[in-house]
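What follows is one structure encoded as structure tokens, with my remarks underneath.
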Amino acid sequence: MPQPSVRFVRALLTIGFLAVSSVALARSPSIASTSPSAPSPQLPAGQSDATTPPKPGQPASSDAERLKQPNQPPTPLRIPSALAPYLDPGFHPDLQFEPKPTPAEVDPQALRLEIRLSRRQVTLYRGDALVKSYPIAVGRPGWETPVGTYEVKQMIKNPTWVHPLQKGVVIPGGDPENPLGRYWIGFWTDGKNWIGFHGTPTPRSVGRAASHGCVRMYNKDVEALFKQVTLGTVVTVVK
């Protein structure tokens, strides 16, 4: 039979072991969360626990919420307004075109040219103010200079001349016999043929309807005009 002192020591060891075990259990989250005495978290009213499996035949809560939402209309496609002429709205009813870009404001003091065929004259304006007028030759019958509004698209020194009717007839730029003279200001084209201002080796033709549609000028006048206009200068041709 153990002595009283031995029983006392055994009792102390048992109490210490139980105390250490209690502390370890209290610090363990996995065990503490399953403890019967731990209160369950409260969810707001109307909200279901996502971890709770749905009842048979009942969709999950996320699906139920999506079913409650009304059908949203598809977002319309937006394309540049420049493509509008090429798309049939009957086949593309949901298309929306971007607003047309606001055209750049025209400089009221910009240089512009006005050709009056009946007067055989071209006038340079700055805005509405007359700068200078020059005599010209215009297209002969059957080769009339086209009426309309254009803009300068080419500016060439010593241009090469190609005969409009005889294939292979070419006169290089700078040649005294070149029908275009030393300066060319093109403002009309059909993709193959061009019409523009140019000089001439036959100054007596200026003032007449004598060209193949181009605007002939005295050599000194077309040189002066060449130094004043730029690409994009507006050219208006009227009768």
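Answer yes if at least one residue in region 165-172 is farther than 14 Å from Val235 by Cα, modelled with pLDDT of 95 or more and open to solvent by less than 60 Å² (accessible area, probe 1.4 Å), and no otherwise.
The initial filter retains those residues of region 165-172 that are farther than 14 Å from Val235 by Cα, namely 165-172.
Of the ones still in play, those that are also modelled with pLDDT of 95 or more are none.
No; the residues of region 165-172 include none that is farther than 14 Å from Val235 by Cα, modelled with pLDDT of 95 or more and open to solvent by less than 60 Å² (accessible area, probe 1.4 Å).
Looking at Thr230, Thr200 in this structure, which one is open to solvent by less than 30 Å² (accessible area, probe 1.4 Å) and not in a strand (DSSP E or B)? First the steps, then the outcome.
Details: Thr230 fails: open to solvent by less than 30 Å² (accessible area, probe 1.4 Å).
Within the list Thr230, Thr200, the selection yields Thr200.
Can you go through Tyr150, Tyr125, Tyr86, Tyr134 and tell me which one is at pLDDT below 60 and of a type in the set (Phe, Trp, Tyr)?
Values: Tyr150 fails: at pLDDT below 60; Tyr125 fails: at pLDDT below 60; Tyr134 fails: at pLDDT below 60.
The conditions single out Tyr86.
Kindly provide the set of residues from region 179-207 that are within 13 Å of Pro159 (Cβ to Cβ) and touching a residue at least 60 places away in the same chain (Cβ under 8 Å), ordered by number. Within region 179-207, Phe197, Thr200 meet the criteria.
For region 176-191, state whether one or more residues are aromatic (Phe, Trp, Tyr), open to solvent by 60 Å² or more (accessible area, probe 1.4 Å), modelled with pLDDT under 95 and under 23 Å from Leu231 (Cα atoms).
At the first step, the residues of region 176-191 found to be aromatic (Phe, Trp, Tyr) are 183-184, 187-188.
The next check asks that each one be open to solvent by 60 Å² or more (accessible area, probe 1.4 Å); those that pass are 188.
Still in the running and modelled with pLDDT under 95: none.
Looking through region 176-191, none of the residues is aromatic (Phe, Trp, Tyr), open to solvent by 60 Å² or more (accessible area, probe 1.4 Å), modelled with pLDDT under 95 and under 23 Å from Leu231 (Cα atoms).
Where strands (runs of 3 or more DSSP E) fall wholly inside region 138-190, the ranges with 2 or more residues that are in contact with an Asp or Glu (Cβ under 9 Å, 6 or more places away or on another chain) are 183-189. If the condition is being hydrophobic (A, V, I, L, M, F, W, C), surrounded by 17 or more Cβ atoms within 10 Å (Cβ to Cβ) and out of contact with any helix residue (DSSP H, G or I) (no Cβ under 8 Å at 6 or more places or on another chain), then region 123-164 contributes Ile136, Val138, Val152, Trp161.
The values are calculated or read from the model by the stated rules, or taken from the named source; none is laboratory data. What you see is a predicted model; the values in this text were computed from it and never measured. Counting neighbours? That spans all protein chains shown, and the Cβs are built from the backbone with ideal geometry, glycine included. Note: accessible area is taken over every heavy atom of the protein model, side chains too, but ligands, DNA and RNA are not part of it. Shrake-Rupley method; radii C 1.70, N 1.55, O 1.52, S 1.80 Å.
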